[in-house]
1. If you add up the charges near Arg353, with Lys and Arg at +1 and Asp and Glu at -1, over every other residue whose beta carbon is less than 9 angstrom from its beta carbon, what do you get?
2. Averaged over every viewing direction, what's the projected area of the C-alpha convex hull for the chain? Give it in nm², one decimal, please.
3. Per DSSP helix of 4 or more residues, -39500 (n - 2.57); summed, then divided by the residues of the chain. What does that give at 222 nm, rounded to the nearest 500?
4. Based on the alpha-carbon gyration tensor of segment 399-518, what equivalent-ellipsoid semi-axes (square roots of 5 times the eigenvalues) come out, in whole Å, largest first?
5. One quarter of the convex hull surface, Cα atoms only: what value does that give for segment 166-259 in nm²?
6. What is the sum of charges, Lys and Arg at +1 and Asp and Glu at -1, for the other residues whose Cβ falls under 12 Å from the Cβ of Phe313?
7. Mean separation of Cα pairs under 8 Å and 6+ residues apart, divided by the residue count of the chain: what relative contact order is that in percent?
8. Let me check I've understood the local charge: for Lys512, count other residues with C-beta under 12 angstrom from its C-beta, Lys and Arg +1, Asp and Glu -1. What total comes out?
Amino acid sequence: MSAPNKSPAKPPAHAAASEPVKPSNFLRQVIETDLADGTYAGRQWAGSPGDAAHHAAGLADPAKVRMRFPPEPNGYLHIGHAKSIWLNFSLAQEYGGVCHLRFDDTSPEKEEQEYVDAIRDAIEWLGYETYLADRPSAPGTMQPHEYFASNYFDFMYRAAEYLIEAGLAYVDEQTPDQMRINRGDFNTPGTNSPFRARTPDENLARFREMRDGQLADGAAILRAKIDMASPNINLRDPALYRIRRATHHNTGDKWCIYPMYTYAHPIEDALEQITHSICTLEFEDQRPFYDWLLDRLAEGGLIASPHPRQYEFARLNVTHVITSKRKLRQLVEEGHVDGWDDPRMPTLAGLRRRGYTPEALKLFCERSGVTKSGGWIDYASLEAALRDTLDPIAPRAMAVLDPVKLVITNWDELMGTGFLDDCSAPLNPHAPEAGRRQFKLGRDVWIERTDYEEVQPKGFFRLFPGNKVRLKYGHVIECIGGTKDAAGRLVEVQARLVPDTKSGTPGADAVKVKGNITWVAVADALQAEVRLYERLFAAEKPGSGELLDELNKDSLVTCSAFVEPSLDGAKDGGAGFQFERHGYFVVDAKADAASGRVFNRAAGMKDSWGK
């Protein structure tokens, strides 16, 4: 159903005057119009109020906004799901309603309890626990707004029998190839099945034989009887039930027939009294069947009226990212990544382990907009959202990822043999109240190998013979030269300390320098493994070619690094850290004592992919 042309004259009454104005989009306009018109305020069950199937979800206040997020538990949630989660849960919160977490578990051969648990965990991590909310029929009583399609299988079966009895469904026993040919295509109308003319009694008997396991898998399906000549192929007698002998994670072996998703989903929405069923644009052509089915069930008194309406928005497409569960599962099962939570994966578990925060993902989703026109969002926008949320709060630290030793040759002469100078820096320059971190400076320090050049390149202001730089938060030094091994690899840099130039002292500005370099003293450096993650796919829009050919072979680079002592005891969780110069990092969630210190890079200080 398209969004109404009219829009409300004023914001909804529940919106506080002090709240920031939310960016308008067609979904907000639909919801506000429905609330203003009382579209669902008069919703009534046509059947008996005491019918437990009518009230399977325990709901009693259809005037509220009710949204749902309905994942199929056949894989881990990914960044595209994050957009749907954010949209459904935030709209429900904004308009004083609730959002249901519903598992669309209609395909037992693909679904596992592991995925159910992972989905719950991801949604709670994002901060959406509104599926635990007030029960409408008993204010003050908390009711988990978590549901399973499989909880409605009895009702769905009864609804299917009603359609058969009303002459609106039939059992088809053509082969899959015959059905495909007879379905036609966009230029050719479909052809009626030879089984379409069966009487309701014949169809009902055959359907019950399907239910009772008297027919083999694939031998028959139940189809809606609509119009085989419809220009919308989805209305050419779509399948409602198929035979599948598979143990279900929730219902066990009770059933050997299972409803199709396109049949189950509208019924679930109706039973849960969903007001606005939001999905992505690929379901737009399914909307006529969604309405056809609910209209027929409402006419038969099986569901409430008015029934839910479906609205579609453009899915989230991010460059260098694949969100196909089938292809993501291939990467996991073939060992191209280290599980569903590999930090290179676009799953929420992977993004979390990489260092992304709920706030960053929500900001990214909001910035991507809600429209009906598709398009691609640059991966750099995802990283920008992370930087924008972490910069004000992330503690800082210095780290050297490609270390080479710098020796200050006159240190002992000026400062004393073995002397270590106390240095400090703010934990976060945006929050002075957070305090300062402490570390030492001595004769030997680790610096980045790229901070030295034997001959100065254009625009290079770091270490080269004769140049002065500041060791950040420490002293100014003057480079003398460097030492290379037989293979020409730099193994040491030498410099001299410029006296009385320590940061924070009166002489700090006596010597002007153009370069500042980060460092870690050899005396108190902590050894760490640092994993530099990049885009998993080199292809900008992966999925069109061979999956493995599109992988980025440099998506993970591991460094044996040194970090400053303030990171001693750093743990997984929180906002992670900004390694000055290098970007945002987090302790790897799977690191243990045997692994040592392991830090994952979530994003660099700026987008450098193009380079």
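Throughout, read-outs are computed from the coordinates displayed, never taken from laboratory work. Just so it is clear, the structure is predicted and the values come from calculations on it, not from any experiment. With ideal geometry, Cβ positions are generated from the backbone for all residues, glycine too; neighbour counts draw on all protein chains shown.
1. -1
2. For the chain, the mean projected area of the Cα convex hull comes to 35.4 nm².
3. On the way: 13 runs with 142 residues, N = 611.
Rounded to the nearest 500, it is -7000 deg cm²/dmol.
4. Equivalent ellipsoid of segment 399-518: 24, 17, 15 Å, largest first.
5. Values: hull surface 25.6 nm².
Over every viewing direction, the Cα hull of segment 166-259 projects on average to 6.4 nm².
6. Here the charged neighbours net out to +1.
7. 12
8. +2
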